[in-house]
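First the structure, in the form of structure tokens, and then the observations on it.
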Amino acid sequence: MFGLEKPAGQQKPGRSGGFPNMASVGDFNVLSSSIPATKVELSVSCRNLLDRDTFSKSDPICVLYTQAIGNKEWREFGRTEVIDNTLNPDFVRKFIMDYFFEERENLRFDFYDVDSKSPNLSKHDFLGQMFCTLGEIVGSQGSRLEKSIVGIPGKKCGTVIVTAEELGCCRDSVLMQFCANKLDKKDFFGKSDPFLVFHRSNEDGSFTICHKTEVVKNTLNPVWQAFKISVRALCNGDYDRTIKVEVYDWDRDGSHDFIGEFTTSYRELSRGQSQFNVYEVINPKKKGKKKKYVNSGTVTLLSFLIETEVSFLDYIKGGYCFHFTVHLILTSTGNPSQPTSLHYMNPYQLNAYGMALKAVGEIIQDYDSDKMFPALGFGARLPPDGRVSHEFALNGNPQNPYCHGIDGVMEAYYRSLKSVQLYGPTNFAPVINHVARYAASVKDGSQYFVLLIITDGVISDMAQTKESIVNASKLPMSIIIVGVGPAEFDAMEELDGDVVRISSRGKFAERDIVQFVPFRDYIDRSGNHVLSMARLAKDVLAEIPEQFLSYMRVRGIKPSPAPPPYTPPIHVLQTQI
């Protein structure tokens, strides 16, 4: 067996037009139209910048760029202020960004020595740049990333320190309760059956539904049960954003009758029970037709309680780390040197295995501190005697199956295709049990295991696999299964417990820990493989933070205290207004 312990020495420990403007929210992203996992605030400091001024020190500014998914175009996200006469700036202005665990957000920080008031960057001296991902910053110890500034050959350009801080409002939930009085009667043989529908407003003026209450039968004076909703879902963290509440009379056939509506905001609701939170329910059609129309009843806020919840980033910042393990099912799909094989080694583009591996691995590696991943293959004949192995190191080193970074895993995978003979069968249980043994030895939550299985065959050991998943659901681990190729994967949908919790021998899984997807569902029709990979990663990784949190909640494990925040040395600063 190959252990998951690491060899000695490898253990884990918007856009703005000119300088005065604050960084703003960047362009709308088609993959990010859902409410973000949270918002983070990025603080930037530099040390030992290049001195480009003759009679004084540089006057630096930081410009942040983001990269659109599916192409390589960089777009300006925002700028800090200019700080006069320093090589060690601690910029006051922050960049506030949406954070999605499941998306790779490429960032570029450019630095300039400002020589005039022109907002045109070409008019100023370039001091260098730094490339990273948002996940890299968040996943660093204490969510603090320090990297060298590059971009000017032959010059030491200094270092940049970027710190991510989760915005407090993103961790808040509210517990609210409403009642209504004298609502319009809509039912012929009885009173109304009212319920409320809450919508948050979007930047473009449209509305998105975010909550429905239960139906209270046969009354014009309902009292609804208290409900809990995150501030992100209610108003995306914007306390003054409009919240529209619609009142309906429930009908069995689904054609619910509109009673009326009112608008409010988080800031108004946060006043709690008072005269300010009694709302007239208005039906615009009735108001337009009837001169004596007053309202269609009133809705009153009975209670408003703010609760701050422990977040995924609290654990990451406290030093909890992910172990990413790759297992490739190398069953027979033809000669890898032939284009008909799913393992075809095309010199110009990745095969399906490579795309799935890179899509998921490039994101999750940001949360693995030393980027050393065990990469194992299952279901192949090994040289020199052709014995069938259900567990072998892709890099050919049984004593140390670890690869450096996802690029190292990719290299080991392609190298293995030249030395092993693809075989079978497609057994998942040994793979899951292998990782589960190591997850079972670390139950304090300090380490969480993510197993990526990529397979081109229909599962051969369904009963054993279900039993392995049920047992593993008690452990700190999640399983991602990506099916590649044309095989019928319908039976494997049963492993993904989104609809029906998986069970074995009468025992149900404690948590939903499996995400299965067929890669063909994410292929971009225009042939844009970058977009295909982004779609795949978004779907298979979106559940990981909640799966992680569910384990912590069930076990009662609280986040460790974060390291002390980075405090830069004090400098006397002069800023341009």
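The values are calculated or read from the model by the stated rules, or taken from the named source; none is laboratory data. Remember, predicted model here, so these are calculated numbers, not experimental data. In this analysis, Cβ positions are derived from the backbone assuming ideal geometry, glycine residues included, and neighbour counts consider all displayed protein chains. The area values use the complete protein model at the heavy-atom level, side chains included, leaving out ligands, DNA and RNA. Shrake-Rupley method; radii C 1.70, N 1.55, O 1.52, S 1.80 Å.
Of the cross-linked pairs Lys228/Lys466; Lys39/Lys155; Lys371/Lys443; Lys94/Lys474; Lys317/Lys358, those separated by over 32 Å at the C-alpha level are Lys228/Lys466; Lys39/Lys155; Lys94/Lys474. Solvent-accessible area assigned to carbon and sulfur over the chain amounts to 52 percent, based on a 1.4 Å probe.
Across region 192-207, rounded Karplus estimates of 3J(HN,Hα) from the backbone phi angles (6.51 cos²θ - 1.76 cosθ + 1.60, θ = phi - 60°) give 6, 10, x, 8, 10, 10, 9, 10, 9, 7, 9, 4, 8, x, 7, 10 Hz, Gly and Pro being marked x.
Remark on Ser478: its backbone amide H falls under 5 Å from those of Phe449, Val450, Leu451, a criterion applied only to residues 5 or more positions apart or on other chains, H modelled at 1.01 Å from N.
The listed residues Lys191, Lys117, Lys358 rank as Lys117, Lys191, Lys358 when sorted by accessible area, largest first, using a 1.4 Å probe. Count Lys and Arg as plus one, Asp and Glu as minus one, and take only other residues whose Cβ is under 10 Å from that of Ile209; the net charge is then +2. Across region 79-94, coupling constants 3J(HN,Hα) worked out from phi with the 6.51/-1.76/1.60 Karplus curve, θ = phi - 60°, read 10, 7, 6, 8, 10, 6, 6, 8, 9, 10, x, 10, 5, 7, 5, 10 Hz, and Gly and Pro carry x. Counting only protein heavy atoms and a 1.4 Å probe, the chain has 46 square angstrom of accessible area per residue.
Close amide H partners of Ala68, meaning residues 5 or more places away or on another chain with modelled amide H under 5 Å apart, are Glu73, Arg75. Within a straight-line Cα-Cα reach of under 18 Å, Lys217 can be paired with the following aspartates and glutamates, leaving aside sequence neighbours fewer than 8 residues apart in one chain: Asp184, Asp187, Asp193, Glu246, Asp249, Asp251, Asp253, Asp257. Once backbone amide H atoms are built at 1.01 Å from N, Phe304 has Gln273 as its partners under 5 Å, excluding neighbours fewer than 5 places away on the same chain.
In order along region 234-239, the phi-based Karplus estimate (6.51 cos²θ - 1.76 cosθ + 1.60, θ = phi - 60°) of 3J(HN,Hα) comes to 6, 8, 6, x, 9, 5 Hz; Gly and Pro are listed as x.
In the assembled protein chains, Val278 presents an accessible area of approximately 70 Å² (probe radius 1.4 Å).
By a 1.4 Å probe calculation restricted to protein chains, Arg271 has an accessible surface near 140 Å², given to the nearest 10. Each of the peptides 201-210, 539-548, 255-264 was scored by the mean count of other Cβ atoms within 10 Å over its residues; in descending order, highest first, they stand as 539-548, 255-264, 201-210. Report, in whole Å, the centroid distance computed from the Cα atoms of region 406-445 and region 340-366. One Cα centre to the other: 15 Å.
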